[in-house]
Amino acid sequence: MIIVTQPGATEKEIEAIIGVLTEHGFDIHRSTGVRHTVIGAIGVQPDFDHRQIELLPGVAEVVRITEPYKIASRAFRQEGTIIDVGNVKIGGDEVVIMAGPCSVESEKQIFTVAERVAKGGAKLLRGGAYKPRSSPYAFQGMGEEGLKLLRKAADAFKLCVITEVMDASQIRLVEKYTDVIQVGARNMQNYTFLKELGKASKPVMLKRGLSATIEEWLMSAEYILSGGNHNVMLCERGIRTFEPSTRNTMDIGAIPLVKKKSHLPVIADPSHGIGIRDKVIPMARASVAVGADGIIVEVHNDPDHAKSDGAQSLFPDQFDQMMKEVRLIAAAIGRSIA
């Protein structure tokens, strides 16, 4: 249930509304706008009569939310959420670019890539220190040493950091080095983990699961939001279908659909979405065209010898080409890319 206050409602009136809702067992989530305060009352109370709230001083409207995801719903927050990451705003008019290697392999590698993507216009440096791999014999990442190199390279070129956390035991360590915590597709429905991320101090980017529906994806975001962390962005990274010609089937149509259903920023990952290097740029263009708030791509200085995901990683020159093309598309739809 959503309660919208009248313009000019006093703090005393707002606290009285919250008090009544709390007495009836609702969990409260408050969002203060320019003219109104929106109060989200989360919980199932079969005997509760919403007219008790409608009659309270300061209440303009009471709206029932039919979607199972309450805080993530556009009904809870009509304007899009903008997440501050350092000096970068994700979810506004600018389409934010995140780029870097699949995994941190060495100091030379991460510094080389960081310099190129920063020069090209990226705002966040991506790179994995812990890598969830299908094979237990594949490269698993450098761990904390990789985190240190990632932070060092990002700071050297004035970039923010986004990196993946694989389980709850890593959250506090990774928070020391990163600006955005990434949740991989395999963990999208690890609900115990998502609850812990609700307590995290850093924004979270939640990747769509390999076979997840849009509702399941938004319900997973709800776990983080309901835990108190409202700085959540979603990432469309392709889903598993019957088509074997690409690594995944990138669901471009999900981007505008999710943005209609939810106020959360949506990031597109064309690298995983298609998994073929020379097809990444067309998918990045399409993602910007349909309204993605950001693009996250893999870039490697020597992708043919990368320890992970080299086949889908762009060469630095290809990244520069992608930036030229997506800037043109962003401008055509009234947005910008630095």
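Derivation of every value follows stated rules applied to the coordinates shown; laboratory data play no part. These figures come from a predicted structure and were not determined experimentally. Cβ coordinates were reconstructed from backbone atoms using ideal geometry, including for glycine residues, and neighbour counts include every protein chain displayed.
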Excluding same-chain residues fewer than 8 positions from Lys195, which aspartates and glutamates have a Cα within less than 15 Å of its Cα? Asp167, Glu222
Spin-label model distance (nm) - Ala156 vs Leu257, 7 Å beyond Cα toward Cβ: 4.3
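Using the Cα centre of the chain as the reference point, and only Cβ charges (+1 on K/R, -1 on D/E), how large is the resulting charge dipole? Debye, rounded to the nearest 20.
Details: 41 positive and 41 negative charges, 114 e Å.
In total the dipole reaches around 540 debye.
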Count the net charge of all other residues whose Cβ sits under 13 Å from the Cβ of His50, scoring Lys and Arg as +1 and Asp and Glu as -1. -2
Share antiparallel - DSSP beta bridges, the chain, percent rounded to 5: 40
With an 8 Å Cα cut-off and a minimum separation of 6 or more residues, compute the relative contact order for the chain in percent. 16
Pseudo-spin-label distance Ser336 to Ala289, built 7 Å along Cα→Cβ, given in nm, is 2.4
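Need the full-extension length gain, Ser211 to Ala311, defined as separation in residues times 0.36 nm minus the C-alpha distance. One decimal, nm. Please report the intermediate quantities before stating the final value.
On the way: separation 100, 0.36 × 100 = 36.00 nm, distance 2.24 nm.
Gain in length upon complete extension: 33.8 nm.
What do you get for Rg/Rh over the chain if you use C-alpha atoms and the Kirkwood form of Rh? Please report the intermediate quantities before stating the final value.
Details: Rg = 20.9 Å, Rh = 20.8 Å.
Checking Rg against Rh, the ratio lands at 1.01.
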Please report, in whole Å³, the volume per residue of the convex hull around the C-alpha atoms of segment 49-174. 183
Can you work out the FRET efficiency for the pair Ala60 and Lys195, with r the C-beta to C-beta distance and R0 = 25 Å, to the nearest 0.05? 0.15
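Taking the number of other C-beta atoms within 10 Å as the exposure measure, put Asp27, Asp49 in order starting with the fewest.
Numbers: Asp27 13, Asp49 9.
Going from least to most buried by this count: Asp49, Asp27.
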Charge dipole (the chain, unit charges on Cβ, about Cα centre) - positive-most of Asn301, Met233, Leu257: Asn301
Tell me the label-point distance for the pair Arg35, Glu107, using the 7 Å Cα-to-Cβ offset, in nm and rounded to one decimal. 5.7
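Given a cut-off of 27 Å, name the pairs among Lys148/Lys199; Lys119/Lys261; Lys158/Lys259 whose C-alpha atoms lie farther apart than that in the structure shown. Walk me through the numbers before you get to the answer.
Details: Lys148/Lys199 23 Å; Lys119/Lys261 35 Å; Lys158/Lys259 30 Å.
Long pairs (Cα-Cα over 27 Å): Lys119/Lys261; Lys158/Lys259.
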Given pairs Lys89/Lys202; Lys89/Lys207; Lys108/Lys152; Lys152/Lys307; Lys152/Lys324 and cut-off 23 Å on Cα-Cα distance, the over-length ones are Lys152/Lys324
Scan segment 248-300 for trypsin sites (Lys or Arg not before Pro) in coil per DSSP, keeping those whose Cβ has at most 13 other Cβ atoms within 10 Å, and list them by number. none
DSSP loop trypsin sites (Lys or Arg not before Pro) in segment 47-105 with at most 15 other Cβ atoms within 10 Å of their Cβ, which ones? Arg64
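Where does each of His29, His305, His272 land when they are ranked from fewest to most other beta-carbon atoms within 10 angstrom?
Exposure proxy ranking, most exposed first: His305, His29, His272.
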Tell me, what does the Kirkwood hydrodynamic radius of segment 2-63 come to in angstroms if you use every pair of distinct C-alpha atoms? 11.5
Percent antiparallel among DSSP beta bridges confined to segment 62-185, rounded to 5, stands at 25
Roughly what % of DSSP beta bridges within segment 193-338 run antiparallel, to the nearest 5? 10
